[in-house]
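Written below as structure tokens is the structure these notes are about.
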Amino acid sequence: MSLRTVLGRVRGLGSAKSGTREGAMQRLTAMALVPLCLWLIASVVSHVGASYETMHAWLASAHTSALMLCLLFALVLHVQLGLKMVVDDYVHGGCMHAVSLLAIKLGTVLVGVFTAVAVLRAAFVGV
């Protein structure tokens, strides 16, 4: 049992001087995802019942590929920042914290690279 007051125990801990950037980036990616997801939903709904060739031509167009890559980049970054915040808040072991952050980084980078390659392959080579 400590004789220190609650204020005395938390004084000096303060903010870690980080997290503001991550929070702002997460909100920015969320705002970017709203119109991009609406565009994707509207585009897919408008192509319901379309043939494979029509869908391939749609994905191969320059503006569709660019918007799809923007959507994937924003989505992967948003997921990475969100998972990092969860780990920072709830994982307290030093080694487990570092391993979790490393797994999040590697996993999101791999997902981002594979999805970008898939979109670019569909756009330039064909599926």
Criterion: among the hydrophobic types (A, V, I, L, M, F, W, C) and at pLDDT 95 or above - qualifying residue of Val86, Val79 | Val79
Among the candidates Val125, Val117, Val113, residue that is more than 21 Å from Ala74 (Cβ to Cβ) and β-branched (Val, Ile, Thr) = Val125
Could you tell me whether Lys84 is surrounded by fewer than 14 Cβ atoms within 10 Å (Cβ to Cβ), basic (Lys, Arg) and either closer than 25 Å to Thr20 by Cβ or within 15 Å of the chain's Cα centre (by Cα) (or both)?
-> no
Can you find even one residue in region 63-76 that is at pLDDT below 90 and surrounded by fewer than 13 Cβ atoms within 10 Å (Cβ to Cβ)?
-> no
Check region 89-109 and report whether any residue there is in contact with a Lys or Arg (Cβ under 8 Å, 6 or more places away or on another chain) and in a helix (DSSP H, G or I).
-> yes
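This table checks each residue for (1) open to solvent by 80 Å² or more (accessible area, probe 1.4 Å); (2) modelled with pLDDT of 85 or more; (3) aliphatic (A, V, I, L, M).
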site: Ser15; (1), (2), (3): no, no, no
site: Gly19; (1), (2), (3): no, no, no
site: Ala24; (1), (2), (3): no, yes, yes
site: Ala32; (1), (2), (3): no, yes, yes
site: Pro35; (1), (2), (3): no, yes, no
site: Leu40; (1), (2), (3): no, yes, yes
Could you pull out the residue among Ser46, Ser51, Ser100 that is hydroxyl-bearing (Ser, Thr, Tyr) and surrounded by 12 or more Cβ atoms within 10 Å (Cβ to Cβ)?
-> Ser100
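The values are calculated or read from the model by the stated rules, or taken from the named source; none is laboratory data. Remember, it's a predicted structure, so these values are computed and weren't measured experimentally. FYI the Cβ positions are ideal-geometry reconstructions off the backbone, even for glycines, and counts take in every protein chain you see. Note: areas computed on protein heavy atoms with side chains; ligands, DNA, RNA excluded. Shrake-Rupley method; radii C 1.70, N 1.55, O 1.52, S 1.80 Å.
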